[in-house]
1. Do we have any residue at all in region 92-115 that's surrounded by fewer than 21 Cβ atoms within 10 Å (Cβ to Cβ), without any contact (Cβ under 8 Å) to a residue 24 or more places away in the chain and farther than 18 Å from Ser9 by Cα?
2. How many residues does region 22-32 contain that are open to solvent by less than 60 Å² (accessible area, probe 1.4 Å) and over 15 Å from the mean Cα position of the chain (by Cα)?
3. How many of the residues making up region 24-43 are touching a Lys or Arg at 6+ places or on another chain (Cβ under 8 Å) and assigned to a loop (DSSP other than H, G, I, E, B)?
4. What are the pairs with Cβ atoms under 6 angstrom where one residue, in region 143-164, is on the phi < 0 side of the Ramachandran plot and the other, located anywhere, is open to solvent by less than 70 Å² (accessible area, probe 1.4 Å) and modelled with pLDDT under 90? Sequence gap at least six, or different chains.
5. Of (1) more than 11 Å from the chain's Cα centre (by Cα); (2) surrounded by 15 or more Cβ atoms within 10 Å (Cβ to Cβ); (3) aliphatic (A, V, I, L, M), Ile78 satisfies all except one. Which?
Amino acid sequence: MEQVSRKKSLLLMGSTGFLGSAVLNRLKSQDLQDWEILISCSTYQQSSILFSLLDPNLKPASTFDASYLVEHLKTDLIVINCASSRNSRNEDLSQQGNFEFPKRVLEVLLAVKGLNTKWIQIETFWQYSKTPIPDASYVQWKNRFSTILAESSRNENFEVERLVLPHLIGPLDGP
């Protein structure tokens with residue numbers, strides 16, 4: 001009897017940003033025939049969460065809302081969260097981009113029965129900053145979301161890996 005391999009899925013959040021675009025570019029050099037690649041394509045201001053399924057050339061093939069994840073993701077999923085907002089002058093944008101948006105995506109994924117998820121939380125507290133201290137609003141909302149991730153990791157089908165990049169990662173550095 002021929003064994004059917006389960007397709008794995010990767011969800012990249014923040015694929016148009018500094019780190020997310022570097023991850024997406026790196027994926028282009030990988031053999032991804034056994035993978036379904038998804039990117040978040042909504043902004044944190046939108047009421048619905050939208051995703052794009054990428055074709056083999058990593059170009060958007062179709063767009064759908066979060067119900068697709070609930071109905072179709074029955075495989076192993078890796079989430080790489082590069083989504084963030086660094087706007088100290090706008091507390092609401094910082095809260096939405098660093099806490100509310102990833103929290104909404106997390107809640108959708110936790111509702112999918114039997115989905116094995118590994119969430120990789122990438123944080124760069126000093127990215128884009130020329131000061132020796134990180135942006136206070138960014139750190140506050142990232143830390144609050146990290147608390148929710150830690151609580152969610154008690155779910156047997158959910159694993160969290162937190163990756164904090166050093167101070168030297170910024171727009172003039174190579175990710």
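The values are calculated or read from the model by the stated rules, or taken from the named source; none is laboratory data. These numbers were taken from a predicted model, which means no experiment stands behind them. For neighbour counting, all protein chains shown are included, and Cβ atoms are generated from backbone atoms with ideal geometry for every residue, glycine included. Side chains included, ligands, DNA and RNA excluded: accessible areas come from the protein's heavy atoms. Shrake-Rupley method; radii C 1.70, N 1.55, O 1.52, S 1.80 Å.
1. Checked region 92-115: at least one residue is surrounded by fewer than 21 Cβ atoms within 10 Å (Cβ to Cβ), without any contact (Cβ under 8 Å) to a residue 24 or more places away in the chain and farther than 18 Å from Ser9 by Cα.
2. 1
3. Total meeting the criteria: 1.
4. Final answer for the pair search is Val160/Ser153; Leu163/Ile122; Val164/Glu123.
5. (1)
Residue-wise test of (1) in contact with a helix residue (DSSP H, G or I) (Cβ under 7 Å, 6 or more places away or on another chain); (2) in a helix (DSSP H, G or I); (3) open to solvent by 10 Å² or more (accessible area, probe 1.4 Å).
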{"site": "Leu10", "(1), (2), (3)": "no, no, yes"}
{"site": "Gly20", "(1), (2), (3)": "no, yes, no"}
{"site": "Ser52", "(1), (2), (3)": "no, no, no"}
{"site": "Tyr68", "(1), (2), (3)": "no, yes, yes"}
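Yes or no, residue by residue, for (1) at pLDDT below 80; (2) within 16 Å of the chain's Cα centre (by Cα); (3) of a type in the set (A, V, I, L, M); (4) over 13 Å from Ala83 (Cβ atoms):
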{"site": "Glu2", "(1), (2), (3), (4)": "yes, no, no, yes"}
{"site": "Leu12", "(1), (2), (3), (4)": "no, yes, yes, no"}
{"site": "Asp34", "(1), (2), (3), (4)": "no, no, no, yes"}
{"site": "Ile37", "(1), (2), (3), (4)": "no, yes, yes, yes"}
{"site": "Ser40", "(1), (2), (3), (4)": "no, yes, no, no"}
{"site": "Asn57", "(1), (2), (3), (4)": "no, no, no, yes"}
{"site": "Pro60", "(1), (2), (3), (4)": "no, no, no, yes"}
{"site": "Ala66", "(1), (2), (3), (4)": "no, yes, yes, yes"}
{"site": "Glu71", "(1), (2), (3), (4)": "no, no, no, yes"}
